[in-house]
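Participant: I'd like to ask you about the structure that follows.
The values are calculated or read from the model by the stated rules, or taken from the named source; none is laboratory data. Because the structure is predicted, anything quoted here is derived from the model rather than measured. Don't worry about glycine lacking a Cβ; one is built from the backbone with ideal geometry, like all the others, and counts go over all protein chains shown.
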Amino acid sequence: MAAWTIGTGYVPPKKGVAEAENGLKGFLEKNKLMTPAIEQMDSVRSWASFPGDAGLVAEQKLLDMREQVLNGSVSAEEAMK
């Protein structure tokens, strides 16, 4: 798993890989930009699955809401209504 993380740049699927001496410990010491992602792994939740095209519709809705909030056209509260 460490080789996969080093090769792809994605966080490892298990936090123990990041902390293991034979895992990513040395890599993370040299690549400090990955540290915040590793530290947030305890907060990660699995993506909800939706049947049929509903998942694509939900994903697009989230993208549209995020864009509106980031460009300042609506507040986060308004976008989620």
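Participant: Identify the residue in the stretch 1-10 that is more than 27 Å from E59 (Cα to Cα) and outside any loop (DSSP other than H, G, I, E, B) and, among all such residues, is modelled with the highest pLDDT.
Facilitator: Result: G7.
Participant: Which residues, counting only those in the stretch 27-44, are loosely packed, with under 10 Cβ neighbours inside 10 Å and either touching a Ser or Thr at 6+ places or on another chain (Cβ under 9 Å) or aliphatic (A, V, I, L, M) (or both)?
Facilitator: Of everything in the stretch 27-44, just one residue is loosely packed, with under 10 Cβ neighbours inside 10 Å and either touching a Ser or Thr at 6+ places or on another chain (Cβ under 9 Å) or aliphatic (A, V, I, L, M) (or both), namely L33.
Participant: Would you mention how many residues in the stretch 45-81 are surrounded by 10 or more Cβ atoms within 10 Å (Cβ to Cβ) and either of a type in the set (S, T, Y) or assigned by TED's automatic domain parsing to the domain that holds G9 (or both)?
Facilitator: 2
Participant: Can you pull out the residues in the stretch 7-34 that are under 16 Å from the mean Cα position of the chain (by Cα) and either in contact (Cβ under 8 Å) with a residue 12 or more places away in the chain or at positive phi (or both)?
Facilitator: G9, V11, P12, P13, K14, K15, A18, M34
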